[in-house]
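Take a look at the structure below.
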Amino acid sequence: MSSPPVILTPPDISPYRHSNSGVDFVHVFDSGLPGPTVMVQALTHGNELCGAIALDWLLQQGMGRSVQPLMGKLILSFANVEAYARFDAANPNASRCVDEDLNRVWADEVLFGPGDSLELRRARQLQPFVDAADFLFDIHSMQDACRPLMVCGLLDKGAAFARQLGMPGDLLIDTGHPSGLRMRDRGGFGDPSSHKNALLIECGQHWEAAAADVAIDGMVRFLKLTGMVDTAWAQDRLRLALPAQQNIVRVDEAVTARSSDFHFLFPVRGLDVIPTAGTAFAQDGEHVFKTRYDNAVLVMPSTQHGKPGNTMVRLGRLD
Ligand SMILES: [Zn+2]
């Protein structure tokens, strides 16, 4: 399967290397006033260009350099800058990470354990900022074409936060990843009794132009919701209408390939709904995968070639 075309241009982020925070590519802007600590992160995955475009845009608005947040502190982080530096439009899948997925290393036993990788070293630099944040907005995009969606985590409080934000139209409550804790589920973000809250937005396909608009729009709304900017500042910069409604999908099942023969039985696209329980949708050798309930939602089906153990799609129920 060939990759989608690379339409977006990766911005030059070298002007943002030096910072006041003690960590390269992490900027902290302190209003000097009481209020929340708010963090926006781009480039958790090095080939997801829309987040870098959004932060570059924000820094060029004067946000930070000359404009302070209205209250509290604002942290802007370019995360996997080493992977991003290797981005090559001719091979755009290669720079998702260098050694391992930066979004699977956020459990204490991994972060503070004996392991070593380029991503672990970066996560250890980012950890104090992540743990200081009351509210986090982590900007991602997807391998395959799909309308934007919010990964709200395992808890209903994430979906409530996305409803306050007002976008995008599709909100996922999921089960995390067996291969490791995501940043958005770490500490208070994953604790129902904590006031902390995090959102992970998937803005669209990695390299499509629309993903950058979604990233900027979502970030502006997030900065307004968390009190970093005022309504007039946000209104002047919003570019997309809010969706008419927001649907919650509760992800409950991962479908993993048993062999390289895994294939869908019809063309699929992310967030497609299969109306009838018992519908065969994929096959792997002799094994046929069928839906177990009506209105099963296909969450991020992979059109890549299956390898044994790879998650090919997750299924969810419309709330
Ligand atoms: Zn990502």
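The values are calculated or read from the model by the stated rules, or taken from the named source; none is laboratory data. Keep in mind the model is a prediction, meaning the values are calculated, not measured. Note: ideal-geometry Cβ built from the backbone for every residue, glycine included; neighbour counts use all protein chains shown. Surface areas here come from the heavy atoms of the whole protein model, side chains and all, with no ligands, DNA or RNA. Shrake-Rupley method; radii C 1.70, N 1.55, O 1.52, S 1.80 Å.
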Reachable aspartates and glutamates, given that their alpha-carbon falls under 15 Å from the alpha-carbon of Lys307 and they are not under 8 places away in the same chain
Asp261, Asp284
Of the accessible area of the range 156-315, computed with a 1.4 Å probe and all protein chains kept, carbon and sulfur make up a percent value of 50 percent
Sequence order, the range 27-36: Karplus ³J(HN,Hα) from phi using 6.51 cos²θ - 1.76 cosθ + 1.60, θ = phi - 60°, Hz rounded, Gly and Pro as x, gives 10, 10, 10, 10, 6, x, 10, x, x, x
Rounded to the nearest 20 debye, dipole of the range 14-235 from Cβ charges on Lys, Arg, Asp, Glu:
480 debye
Those trypsin sites (Lys or Arg not before Pro) from the range 179-243 that are DSSP loop and have at most 15 other Cβ neighbours within 10 Å turn out to be Arg239
Please work out, to two decimal places, the log10 of the ratio I(q)/I(0) at q = 0.14 Å⁻¹ from a Debye calculation in which every Cα of the chain carries one identical scatterer.
-1.11
Could you give the dipole magnitude of the range 247-319 about its Cα centre, charging the beta-carbon of Lys and Arg +1 and that of Asp and Glu -1, in debye to the nearest 20?
100 debye
For the chain, what does -39500 (n - 2.57) per DSSP helix run (n ≥ 4), summed and divided by total residues, give at 222 nm, in deg cm²/dmol to the nearest 500?
-6500 deg cm²/dmol
If I model the range 199-319 as equal point scatterers sitting on the Cα atoms and use the Debye formula, what is log10 I(q)/I(0) at q = 0.16 Å⁻¹?
-0.85
Shape call, the range 187-252: gyration tensor on alpha carbons, a/c limit 1.5
oblate
Translational diffusion of the range 94-144, µm² s⁻¹ [Kirkwood Rh, Cα pairs; Stokes-Einstein; 25 °C; 0.890 mPa s]
201 µm²/s
Under 1.5 on a/c is rounded, so check that first for the range 95-222, then, if it is not, pick prolate when a/b is larger than b/c and oblate when it is not; a ≥ b ≥ c are the square roots of the alpha carbon gyration tensor eigenvalues.
oblate
Computing the accessible area with a 1.4 Å probe over protein heavy atoms, can you report the carbon and sulfur percentage for the range 7-114?
51 percent
So what's the net charge close to Ile13: Lys and Arg +1, Asp and Glu -1, counting the other residues with Cβ under 11 Å from its Cβ?
-2
Quick numbers on the range 44-103, Rg and Dmax over C-alpha atoms in Å, give 13.9, 43
A correct Karplus calculation of ³J(HN,Hα) over the range 131-142, with 6.51 cos²θ - 1.76 cosθ + 1.60, θ = phi - 60°, whole Hz and x for Gly and Pro, returns 6, 7, 6, 7, 9, 10, 10, 10, 9, 10, 8, 10
For Ala282, other-chain or 5+-apart residues with amide H closer than 5 Å (H placed, Pro excluded) are Leu265, Phe289
Taking a probe of 1.4 Å and leaving out DNA, RNA and ligands, the chain shows per residue an accessible area in Å² of 42 Å²
So, by mean Cβ neighbours within 10 angstrom, what's the order for 44-56, 126-138 with the highest one leading?
44-56, 126-138
Sorting Val151, Met312, Asn197 by the position of each Cα along the dipole of the chain (Lys, Arg +1; Asp, Glu -1; all at Cβ), the one nearest the positive end of that ordering is Asn197
Under 23 Å from the Cα of Lys157, which lysines turn up, not counting those fewer than eight places away in the same chain?
Lys73, Lys196, Lys224
Show me, bin by bin at 5 Å from 0, the whole-percent P(r) of the range 252-318 based on Cα pairs.
4, 19, 32, 28, 13, 3, 0
Going residue by residue through the range 5-15, the Karplus relation 6.51 cos²θ - 1.76 cosθ + 1.60 with θ = phi - 60° gives ³J(HN,Hα) values, rounded to whole Hz and with x marking Gly or Pro, of x, 8, 8, 5, 9, x, x, 6, 9, 4, x
